[in-house]
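The values are calculated or read from the model by the stated rules, or taken from the named source; none is laboratory data. A quick note: this is a predicted structure, and the numbers were derived from the prediction, not measured. Counting neighbours? That spans all protein chains shown, and the Cβs are built from the backbone with ideal geometry, glycine included.
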Amino acid sequence: MSRLQLVPKEFFFTKGVGRHHNRLQSFELALRQAGIEKGNLVRVSSILPPKCKIIPRNKGLAQLQSGEITFVVLAEASTDEPSRLVGAGVGLAVPADGQQYGYISEHHCFGMTENKLGDFVEDMAATMLAMTLGIEFDPGTDYDDRKAIYKMSGKIVRTSATVQTAEGDKNGLWTTVVAGAVMLL
């Protein structure tokens, strides 16, 4: 008996913000802004398959069909507290060896700026990949220092992050942020 293998060949990053008096509808509006509201989203963990290529968001969105089972590494956060900062981000670490898998990390938080959240998720993905590849580093050092070690090793070719932050609505509407890496088969 053969086994069905669902290995993504491409992926893209997307993000969005939604505001509404109902939390679920604010989530829907965030997904709508991200362009992935029409899919049946299935959250997956953080492995980037070997040879999986990143494509532009608009090219990826054009491939989605209404009602399609859509695999996504998704981060989301919501608040109904005025001015409370919410954030959702995904980070990426791609190995130099095309036969090796990479990592996509996700994180949601409160009070973290867009830059700090971007560095955090990128760091998580890069650190997970560095550990898998046997790159020696001191986890207590600053991410910029570790990033230089990762790059100098020649084993990690790319790191990046996609992040969405927003302040809670001043009138107390639910504010939801999403960031995701959408997998395409």
Exercise for the section: Kindly indicate whether Ser2 is part of a loop (DSSP other than H, G, I, E, B) and either out of contact with any strand residue (DSSP E or B) (no Cβ under 9 Å at 6 or more places or on another chain) or of a type in the set (A, V, I, L, M, F, W, C) (or both). Expected result: yes
Fill in the blank from the handout: Those residues of the range 79-92 that are farther than 16 Å from Gly35 by Cβ, buried (at least 22 other Cβ atoms within 10 Å of the Cβ) and touching a helix residue (DSSP H, G or I) at 6+ places or on another chain (Cβ under 9 Å) come to a total of 4
Completion exercise
Of the residues in the range 7-40, those that are within 26 Å of Ala126 (Cβ to Cβ) and among the hydrophobic types (A, V, I, L, M, F, W, C) come to Val7, Phe11, Phe12, Phe13, Ala34, Ile36
Completion exercise
Condition set among the aliphatic types (A, V, I, L, M) and touching a residue at least 40 places away in the same chain (Cβ under 8 Å), scope the range 103-150, selection surrounded by the most Cβ atoms within 10 Å (Cβ to Cβ): answer is Val121
Practice task
Find all pairs meeting these conditions: Cβ atoms under 9 angstrom apart; at least six residues apart or on different chains; first residue within the range 43-67 and touching a residue at least 40 places away in the same chain (Cβ under 8 Å) and closer than 16 Å to Val94 by Cα; second residue basic (Lys, Arg) and assigned to a strand (DSSP E or B).
Solution key: Ile54/Arg158
Problem - Scan of the range 151-182 for residues that are in a strand (DSSP E or B), at pLDDT 95 or above and surrounded by fewer than 19 Cβ atoms within 10 Å (Cβ to Cβ), ordered by number - result: Ser160, Glu167
